[in-house]
Amino acid sequence: MKKPGIILISCDHFEKDLIDNINEDIFREFHYPVIFEKKDFDISNFYYPGRRQYDANSLLKVVSELFFPNSFKKIGLFKVDLFIPILTYIFGQAILNGNAGIVSPYRLRNELYGLEKNEKLLNERLKKVIIHEAGHMFGLIHCQNPICVMRSSTYVEDIDQKEQHLCTSCRTKIGLD
């Protein structure tokens, strides 16, 4: 029987090279096959005009209800500005010890902060956020190690300061060491 995998669900257009690169990094961290799927659905019902953002809790629920054969964990990739009621914005969200997460590169773009566009940095940030949210799905909470990918990130600068990998302590907690 084929080992269940982590499904990356493109809910917007993401470059194949980027996705392939992310797939390799997620496999290296968690040792599960990573499968890329495209899914088209209308997210307009999750838009809040007053905030000009999308409700992450509702999108997460939709992703958690999607079925893919042989899926173990699912991460929906969106290109919209996400929020939860208690925060102004979020980079991603996942169900702790659950089967679903969502991530958006929207707030990871340099241009949003008046800086020069940098695709390489955007892709590095996106990988870190995806691995971070996958870590939550595997049961990890925020880590105090300043360079661990599971360290909490409020700002993009926080993401830039961490590594792309789980620290030894986090790896041990989920049985990877």
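Determine if the range 9-26 includes at least one residue that is on the phi > 0 side of the Ramachandran plot and either more than 14 Å from the chain's Cα centre (by Cα) or not in a loop (DSSP other than H, G, I, E, B) (or both). Spell out how you get there, then give the answer.
Keep residues of the range 9-26 that are on the phi > 0 side of the Ramachandran plot, which gives none.
Within the range 9-26 (the criterion being on the phi > 0 side of the Ramachandran plot and either more than 14 Å from the chain's Cα centre (by Cα) or not in a loop (DSSP other than H, G, I, E, B) (or both)), the answer is no, since none of the residues qualifies.
When I147 is tested against (1) hydrophobic (A, V, I, L, M, F, W, C); (2) loosely packed, with under 13 Cβ neighbours inside 10 Å; (3) at pLDDT below 95, only condition (3) is not met.
Please specify each residue of the range 67-79 satisfying the condition of being surrounded by fewer than 18 Cβ atoms within 10 Å (Cβ to Cβ) and in contact with a strand residue (DSSP E or B) (Cβ under 8 Å, 6 or more places away or on another chain).
Scanning the range 67-79 gives F68, N70, S71, F72.
When you scan the range 56-121 for strands (runs of 3 or more DSSP E) that lie fully inside it, which ones turn up with 2 or more residues that are within 15 Å of M137 (Cβ to Cβ) and at pLDDT below 95? Walk me through it before giving the result.
Working: elements: 71-77, 82-84, 87-90, 92-94, 100-103.
By residue number, 71-77.
Checking each residue in the range 28-53 for being in contact with a Leu (Cβ under 8 Å, 6 or more places away or on another chain), surrounded by 16 or more Cβ atoms within 10 Å (Cβ to Cβ) and touching a residue at least 40 places away in the same chain (Cβ under 8 Å) picks out E29, F30.
Quick one: how many residues across the range 122-140 are among the hydrophobic types (A, V, I, L, M, F, W, C), in a helix (DSSP H, G or I) and either crowded, with 21+ Cβ neighbours inside 10 Å or on the phi > 0 side of the Ramachandran plot (or both)? Break it down into steps so the answer makes sense when it comes.
Filtering the range 122-140 for residues among the hydrophobic types (A, V, I, L, M, F, W, C) gives 122, 126, 129-131, 134, 137-138, 140.
The next check asks that each one be in a helix (DSSP H, G or I); those that pass are 122, 126, 129-131, 134, 137.
Okay, now just the ones that are also either crowded, with 21+ Cβ neighbours inside 10 Å or on the phi > 0 side of the Ramachandran plot (or both), so 126, 129-131, 134, 137.
So the count comes out to 6.
Filtering the range 77-90 for residues that are of a type in the set (K, R) and under 17 Å from the mean Cα position of the chain (by Cα) leaves a non-empty set.
The values are calculated or read from the model by the stated rules, or taken from the named source; none is laboratory data. What you see is a predicted model, and the numbers here were worked out from it, not measured in a lab. Positions of Cβ are backbone-derived with ideal geometry, glycine not excepted, and every protein chain shown enters the neighbour counts.
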